[in-house]
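Please read the structure below before turning to the comments.
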């Protein structure tokens with residue numbers, strides 16, 4: 001039995017990271033892609049700037065207005081500098097510690113930080129992954145925008161080399177499987193999407209297959225041969241169609257799918273006509289029942305071309 | 001033949017538990033664990049195990065894609081809620097400064113010594129070079145640090161720097177102090193973060209800082225102000241140089257993990273050593289804060305060289321005591 005193949009069958013192509021829980025079950029998290037991370041970072045930067053302004057603006061106004069003696073100005077200046085430094089350097093640390101790996105920006109983007117082995121997120125990890133941000137992001141950005149300020153007076157080749165090195169660090173998340181920054185690698189963390197799936201009603205619930213009595217009266221009867229054509233992949237594609245085809249094109253989509261299936265399994269329509277949706281639901285229920293029964297015996301037919309179960 | 005889908009029956013049995021867990025998790029994620037009542041708090045791990053069991057079972061018997069995705073996501077959310085630890089902020093700070101920071105220092109004392117050695121080497125080289133030829137001062141000391149003090153300054157102007165008769169306005173001292181703190185902390189963090197580059201920038205950083213100090217010392221030496229100069233530097237210098245060396249040591253720890261991962265993969269080695277290095281770098285921010293206070297206040301207010309030297313010795317002894325004995329008692333990490 002291989003749960004991995006089931007999970008990867010119709011899952012959209014995001015990278016996943018598996019974590020083994022203490023109970024011995026493998027949980028899969030979807031890795032946050034660089035776009036999500038950049039979005040979250042931009043939002044966080046905005047919040048940081050906003051906080052800085054709120055904290056420091058009163059001081060600036062006081063200075064400009066010329067209020068206060070020089071001694072109180074000195075205190076205010078010290079306060080402003082300190083607050084600015086603390087917010088700039090510890091915003092991320094503060095939030096990631098308090099909110100278990102989330103910052104306001106990350107919350108908006110729907111991602112969070114977890115330990116790569118699934119263990120609890122430690123303080124050290126949060127500190128480490130954030131302290132390297134200076135070198136990974138701020139310096140490379142400075143290098144790209146104002147290379148002269150970064151390495152004043154150095155020979156041209158040295159500045160070029162340092163700029164190249166910094167750009168490599170900035171682009172590092174693009175080049176590894178889990179999209180981790182160097183800070184993530186140093187801290188043993190990874191950023192994943194916060195899991196969020198809505199439970200939809202079971203497709204089988206509204207069909208006659210739910211109870212034996214109704215099944216006997218249904219016009220949609222399929223032989224074993226007809227049900228042996230398709231595999232798990234097609235079943236889940238059909239589920240996707242039944243759940244997600246909406247709007248004006250739904251009827252058309254369903255009729256196309258129904259026709260395809262009817263032709264493939266050579267099912268003959270009953271004389272009184274039939275409805276595409278009912279047919280598809282009944283077929284789905286019957287196919288799922290058959291495939292689940294075989295799965296219990298350890299036989300998993302992955303798709304229509306899979307002959308290994310014969 | 002009469003049959004009923006097992007997966008359907010399974011879901012019917014358990015759906016109420018899943019919905020209960022979902023509402024609990026919504027509460028936890030919005031407001032934190034504290035908002036849960038005691039019975040709810042008891043229910044959470046039970047429901048978590050239940051849903052993890054359901055997930056295992058569903059993977060085996062169900063082919064409903066939506067159900068599988070839902071259980072995956074629910075189990076993951078519950079896992080993060082149950083296994084995420086939350087320690088109060090004060091406890092975090094206390095364990096950090098009394099246990100984690102000194103212990104991290106002791107584990108990496110070799111890298112610290114290397115960084116300190118490079119600093120000392122830089123000082124020695126800068127000192128010797130500048131003594132031989134005062135023009136080296138211009139090469140070694142950048143203009144921003146020299147601030148118009150150089151071989152061309154008069155001895156009196158140099159002396160006045162060491163014993164600045166500052167108008168004692170504590171407020172401006174505070175401002176000066178906090179400026180120094182933020183500036184030095186930035187340098188420290190940089191030293192740590194550059195450890196990724198196989199330690200080479202860290203070596204350069206340590207050495208060049210040492211050169212600057214050595215060159216300035218030599219300049220003052222030639223004017224017969226050597227004793228006064230070190231009295232000016234050491235009260236805060238002990239703390240600050242130590243902090244810079246710790247940051248350099250943290251950088252070297254990272255470099256060591258990258259260059260010599262041992263039996264682990266580089267990522268694993270980095271993860272292990274990286275947390276230690278990060279803790280060190282964070283701790284040095286506190287050291288820079290202290291150094292900034294000393295530099296901003298003490299140095300401007302106290303001018304007696306003997307007092308300055310005693311203070312420097314005192315700080316040295318205190319730091320030695322702190323790093324050698326704090327956190328040695330076996331407490332739960």
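Could you tell me whether region B:290-308 includes any residue that is closer than 20 Å to residue B:103 by Cβ and part of a helix (DSSP H, G or I)? Don't jump to the end; show me each part of the working.
Quick first cut of region B:290-308, residues closer than 20 Å to residue B:103 by Cβ only: B:290.
Filter once more, keeping what is part of a helix (DSSP H, G or I): B:290.
Yes; the residues of region B:290-308 include at least one that is closer than 20 Å to residue B:103 by Cβ and part of a helix (DSSP H, G or I).
Could you list, in sequence order, the residues of region A:225-255 that are part of a loop (DSSP other than H, G, I, E, B) and farther than 29 Å from residue A:197 by Cα? Please lay out each step first, then the result.
Of the residues in region A:225-255, the ones part of a loop (DSSP other than H, G, I, E, B) are A:228-231, A:245-246.
Result: A:228, A:229.
Name the residues in region A:19-42 that are more than 11 Å from residue A:109 (Cα to Cα) and either outside any loop (DSSP other than H, G, I, E, B) or touching a strand residue (DSSP E or B) at 6+ places or on another chain (Cβ under 7 Å) (or both), would you?
Hits for region A:19-42 are A:19, A:20, A:21, A:26, A:27, A:28, A:29, A:30, A:31, A:34.
Looking at the structure I just gave you, is residue B:282 modelled with pLDDT under 80 and buried (at least 22 other Cβ atoms within 10 Å of the Cβ)?
Details: modelled with pLDDT under 80: no; buried (at least 22 other Cβ atoms within 10 Å of the Cβ): yes.
No; evaluated as a whole, the condition is false for this residue.
Within region B:31-65, how many residues turn out to be surrounded by fewer than 19 Cβ atoms within 10 Å (Cβ to Cβ) and under 21 Å from residue B:8 (Cβ atoms)?
Qualifying residue count, region B:31-65: 6.
Does residue A:111 satisfy the condition of being surrounded by 21 or more Cβ atoms within 10 Å (Cβ to Cβ), at pLDDT 85 or above and in contact with a helix residue (DSSP H, G or I) (Cβ under 7 Å, 6 or more places away or on another chain)?
Numbers: surrounded by 21 or more Cβ atoms within 10 Å (Cβ to Cβ): yes; at pLDDT 85 or above: yes; in contact with a helix residue (DSSP H, G or I) (Cβ under 7 Å, 6 or more places away or on another chain): yes.
It is true that residue A:111 is surrounded by 21 or more Cβ atoms within 10 Å (Cβ to Cβ), at pLDDT 85 or above and in contact with a helix residue (DSSP H, G or I) (Cβ under 7 Å, 6 or more places away or on another chain).
Quick one: in region A:191-206, of everything that is more than 8 Å from chain B (Cβ to nearest Cβ) and surrounded by 22 or more Cβ atoms within 10 Å (Cβ to Cβ), which residue is nearest to residue A:92 (Cα to Cα)?
The extreme case among them is A:191.
Among the candidates A:258, A:214, which residue alone is at pLDDT below 85, in a helix (DSSP H, G or I) and touching a helix residue (DSSP H, G or I) at 6+ places or on another chain (Cβ under 7 Å)? Steps first, please.
Details: A:258 fails: at pLDDT below 85.
Of the residues listed, the single one that is at pLDDT below 85, in a helix (DSSP H, G or I) and touching a helix residue (DSSP H, G or I) at 6+ places or on another chain (Cβ under 7 Å) is A:214.
Please find, within region B:81-91, the residue that is modelled with the lowest pLDDT out of those that are facing chain A (nearest Cβ under 7 Å) and crowded, with 17+ Cβ neighbours inside 10 Å.
Once the filter is applied, the top-ranked residue is B:84.
Pairs, please: C-beta under 6 Å, at least 6 apart or cross-chain, first residue within 7 Å of another protein chain (Cβ to nearest Cβ) and in region B:45-73, second assigned to a loop (DSSP other than H, G, I, E, B) and crowded, with 22+ Cβ neighbours inside 10 Å?
Within 6 Å, the pairs are B:73/A:195.
Report the residue count in region A:242-257 for those that are surrounded by 13 or more Cβ atoms within 10 Å (Cβ to Cβ), without any contact (Cβ under 8 Å) to a residue 24 or more places away in the chain and closer than 28 Å to residue B:59 by Cα.
Of the residues in region A:242-257, 2 are surrounded by 13 or more Cβ atoms within 10 Å (Cβ to Cβ), without any contact (Cβ under 8 Å) to a residue 24 or more places away in the chain and closer than 28 Å to residue B:59 by Cα.
For region B:228-266, give me each residue that is crowded, with 19+ Cβ neighbours inside 10 Å and either more than 30 Å from residue B:180 (Cα to Cα) or within 11 Å of chain A (Cβ to nearest Cβ) (or both).
Answer for region B:228-266, where residues must be crowded, with 19+ Cβ neighbours inside 10 Å and either more than 30 Å from residue B:180 (Cα to Cα) or within 11 Å of chain A (Cβ to nearest Cβ) (or both): B:247, B:250, B:251, B:253, B:254, B:256, B:257, B:258.
The values are calculated or read from the model by the stated rules, or taken from the named source; none is laboratory data. These numbers were taken from a predicted model, which means no experiment stands behind them. Cβ: placed from backbone, ideal geometry, glycine included. Neighbour counts: every protein chain shown.
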